[in-house]
1. Extension gain GLU138-HIS2, at 0.36 nm per residue separation less the Cα-Cα distance, in nm?
2. Highest first, please rank the peptides 159-165, 288-294, 221-227 by the mean number of other Cβ atoms sitting within 10 Å of their residues.
3. Give, as a single signed number, the net charge of other residues whose beta carbon lies under 10 Å from the beta carbon of THR140, with Lys and Arg counted +1 and Asp and Glu -1.
4. Go ahead and run the numbers for FRET between ASP297 and ASP270, Cβ-Cβ distance against an R0 of 45 Å, rounding to 0.05.
5. Roughly speaking, what is the centre-to-centre gap between the stretch 46-65 and the stretch 197-252 when only Cα atoms are used, to the nearest Å?
6. Skipping prolines and chain starts, which residues have an amide H placed within reach, meaning under 5 Å, of the one on VAL6, given they are 5 or more residues away or on another chain?
7. Given that compact globular proteins tend to follow 2.2 N^0.38 Å, what is the ratio of the alpha-carbon Rg of the chain to that value?
8. Carbon and sulfur: what percent of the stretch 192-332's accessible surface (1.4 Å probe)?
Amino acid sequence: MHKILVTGGAGFIGSNFVEHLVRETDASVSVLDKLTYAANREAIDALPEGRVRLVVGDVADAGTVDPLVAEHDAVVHFAAESHNDNSLNDPSPFVHTNLVGTFTLLEAVRRHGTRFHHVSTDEVYGDLALDDPERFTESTPYNPSSPYSSTKAGSDLLVRAWVRSFGVAATLSNCSNNYGPYQHVEKFIPRQITNVLDGRRPKLYGQGLNVRDWIHTEDHSRAVRTILEDGKIGETYLIGADGEKNNREVVETILEIMGQPTDAYDLVTDRPGHDLRYAIDSTKLRTELGWEPRFTDFRAGLEATVAWYRDHEEWWRPMKDSVEARYAEAGQ
Ligand code: NAD
Ligand code: DAU
């Protein structure tokens, strides 16, 4: 796989994956990205010239997608509308990009016999009770809650059908919550770090007791590359790093790292349909493909992330006020 097309390669995780490929392989990488509000063009522009080509376009546009897919050995599909809160305000771009976009790519890889990896989320499985000893596995039934997670679930099912009905050479992965540099300030961890940097109090939805299973984005990128290289066609792999924490614990740790009292946060209006808990059992990926997470010290990872946002104000500042204005309208 020498020529790899990465959709959504200018996004938070996609740009980390592209940087990973440039650092760890000699692949020639193309990025197909619409450069929506969520894109980090800077992260791609910072990579060595000649290693990465950026094509600005829509994954749902067959006229762009088809000739591009024809030039590559593999497609790794990150492009998506990714934020649950936005999907509650306007689901339409989620249906377009996550469903029609995935369909358009599948038709192209079917036509050209191209290897495909589909990047998805643990949210397709719905949520778990806080005291449930179970975690999600590859055989957990699909039960998505939000417009975002239902369009991701639909996209997974399209991929599975294209494997079975048309013999497309695809693998799938469903990962837990990522954190790290270049994550948009609308998301939980960057929002709270930049709130504290701005002298605002962190905002916890509801009682702050919902649990997420945190993984560093670099561990996610390495897992995707492992599956791309060694995964079995047609198989799904869950990616997680045993990082369960409730939102209150995360905010308290951020406040402590940033030298603030650990109770200096506000409880705000809850997210409608807010999933209680996600938890991943990644035994299959670990035992069959030998992947292990490396960023297992969550506090150290958060410290590095706080330092990154402190040092990159010029990157997040232009987005901050409009994001906070939108949240304020929703009482959050
Ligand atoms: P992101 O919102 O940061 O980035 C998405 C990227 O896709 C952006 O660069 C955007 O410009 C691009 N894009 C959006 N619509 C497009 C379109 N129609 N055509 C081409 N490009 C388009 O998202 P992220 O957090 O990096 O997530 C990447 C992928 O990983 C998504 O598929 C998401 O479902 C999945 N995922 C994310 C997480 C997480 O915690 N963030 C966890 C598991 C899985
Ligand atoms: O589980 C994987 C998913 O993780 C990905 O598929 C999504 O693309 C990604 O956005 C993320 O979804 P979440 O909804 O879990 O992430 P978010 O950062 O929006 O919120 C994390 C938790 O924090 C969630 O319980 C809601 C809560 N929250 C969020 C914000 C923005 C707050 O309490 N306060 C906030 O200000």
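1. The GLU138-HIS2 span can extend by a further 46.0 nm.
2. Highest to lowest by the protection proxy: 221-227, 159-165, 288-294.
3. -3
4. With R0 = 45 Å, the Cβ-Cβ based efficiency is 0.90.
5. Using only Cα atoms to place each centre, the spacing works out to 27 Å.
6. Amide H neighbours of VAL6: SER30, VAL31, LEU32, VAL76.
7. 0.95
8. The computed percentage sits at 46.
The values are calculated or read from the model by the stated rules, or taken from the named source; none is laboratory data. Predicted, not measured: the structure shown is a model, and the values here were computed from it. Note that each Cβ is placed from the backbone with ideal geometry, even for glycine, and that neighbours are counted across all protein chains shown. We work out accessible area using only protein heavy atoms, side chains counted, and drop any ligands, DNA or RNA first. Shrake-Rupley method; radii C 1.70, N 1.55, O 1.52, S 1.80 Å.
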